[in-house]
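Just so it is clear, none of the values below were taken in a lab; they were calculated from the coordinates. Given the structure is predicted, the values throughout are model-derived calculations rather than measurements. Every residue, glycine among them, receives a Cβ derived from its backbone with ideal geometry; neighbour counts consider all protein chains shown.
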Amino acid sequence: MLDPDIDIDSDPLDGLNERVWTVSQITSRVKNILEGEPAFSSISVRGEITNLSPSKAGHIYFGLKDQKAYLKCVAFRGDAQKLKMQPQEGREVVATGRINVWETGGTYQLIVSQLQDVGLGALWLQFEETRRKLAEEGLFDEAHKVPLPQFPRTIGIVTSQSGAALRDMIRIFTEVAPYVKLILSPSLVQGETAPVSLIGAINLLEMWDEVERSEGREGLDSIIVGRGGGSFEDLACFNDEALIRRVYELEIPVISAVGHEIDYTILDFVADLRAATPTQAAQIAAPSSAELLQKISEMLSEHKQAAEMKVETYSTGLMNILSRTVFRRPLDRINNLHQSIDLYSGRCSRAVAGHLKILKHRFQSMVNRLNTLDPEAILSRGYSLAFEADTGRLITKTAHVKSGAPVDLRVSDGIIKLKVSEEEQHR
């Protein structure tokens, strides 16, 4: 709603004594001043290459930095093709060119026409030295890396609380894997104190995990450590040796998610898994609910097909079995078995009876023979047997006894006690 007391035809700039500049005017003035400076028409600048970014059109964008400042540089395609050396991240060089103002971006830059190599920059040398030292100690060995859980429930995040990286990860988890619980441990992700802050944030997550597990609950399944893109020096805190050793000691799987796809830090080498960006880290940390539902559906379909095939196979087999005579007329089989049993039973009875008859005959024959040989039967026919009374030895000759020796004479109904006389002995 308009205020009726305001004159809409009046110029709001009326009454200003000083000139009001437009953005274009001030930028154009700065451009004229800088590009009109003779010293800037051909100038050589020494610094360390950072933020190297070749374009598809053939231009090369990068920056030169020292301990205090940063200068944007660009080598356009014509000059880039003539450079004696190709720019490399971390190399210290002397770039020769002219100062130019890019009006659209409102920045000044060095248009590079020549590039001379000086050597590796201090920050890059420190990076390589730390990386080589830790690699020799085995901190990057694949055998030490822990695989991520297939179905995580709780994931810890170490990053800036106000950064875009956190917002992107929360968005991805909300859209793709809403079943995952996120535990944020905020930290600085740039500057000299960032390594200590990162280690502290990791320590807090580890303590939380230990408390949860000690009380019988599930702890952390993995931890994402990262931030969005930045210059090589912006990401330097993720090359800190103390931080790398702390991550190495963790038993919880760690995902490194620092910078963009072209950015590499030492954290990437020690982590159990590297993600090119924080967004990708959220995508690979947990399977999407849609994918899980799809896999479950596919598994159910496979099991259903397998079950149907089993049922069909068993049904066919059952029908084949039921079609047999034994199932169509089960009593026929039973009656046949009864008939066979009767047949075999009769045969067995006759065989047993015949065998018993033979055995009985043999037994009687043996009894008769034994009766014939029975000493009792012999004695009943009038015979007797003489035995020495002292020894019980059978007397078969007169020489076996002496005069006066006691003799037992056995007859059919008992024993007669005798004594041998001399006359009887000689008869």
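For chymotrypsin sites (Phe, Trp or Tyr not before Pro), the sites in the stretch 341-427 that DSSP calls loop and that have at most 15 other Cβ atoms within 10 Å are Y383. Among the listed pairs K56/K82; K397/K417; K31/K84; K397/K419; K31/K65, those with a Cα-Cα distance over 24 Å are K31/K84.
For the stretch 377-426, just say rounded, prolate or oblate: build the C-alpha gyration tensor, square-root its eigenvalues into a ≥ b ≥ c, call rounded for a/c under 1.5, and beyond that prolate if a/b exceeds b/c, oblate if not. Verdict is prolate for the stretch 377-426. Our note on the geometry: Cα centres of the stretch 239-286 and the stretch 31-87, 31 Å apart.
For the ranges 90-97, 414-421, 123-130, what's the packing order if you count other beta-carbon atoms within 10 Å of each residue, average per peptide, and put the highest first?
Details: 90-97: 19.6, 414-421: 12.0, 123-130: 15.9.
With the highest mean Cβ count within 10 Å placed first, the list reads 90-97, 123-130, 414-421.
Helices meeting the span-like rule in the chain (full DSSP H runs, Cα extent of at least 24 Å along the helix axis, mean Kyte-Doolittle score of -1.0 or higher): 194-214, 289-322, 330-373.
Rounded if a/c is under 1.5, else prolate if a/b is larger than b/c, else oblate: which is the stretch 157-222, with a ≥ b ≥ c the root eigenvalues of its Cα gyration tensor? Provide the component values of the computation, followed by the final result.
Details: a/c = 3.83, a/b = 1.12, b/c = 3.41.
Here the stretch 157-222 falls in the oblate category.
Just check the stretch 270-345 against the gyration tensor rule for me: Cα atoms, a ≥ b ≥ c as the square roots of the eigenvalues, rounded for a/c under 1.5, and otherwise prolate or oblate depending on whether a/b exceeds b/c. Prolate is the answer for the stretch 270-345, as a/c is 1.5 or above and a/b outweighs b/c. Loop-located trypsin sites (Lys or Arg not before Pro) in the stretch 197-282 (DSSP state not H, G, I, E or B) with no more than 16 neighbouring Cβ atoms inside 10 Å: R217. Each principal axis of the Cα cloud of the chain was evaluated for its coordinate range; sorted largest first, these ranges are 190, 69, 53 Å. Only lysines eight or more places from K133 in sequence, or on another chain, were considered; those with a Cα closer than 21 Å are K145. When you count the other C-beta atoms within 10 angstrom of each residue and take the mean per peptide, 255-267, 140-152 line up highest first as 255-267, 140-152.
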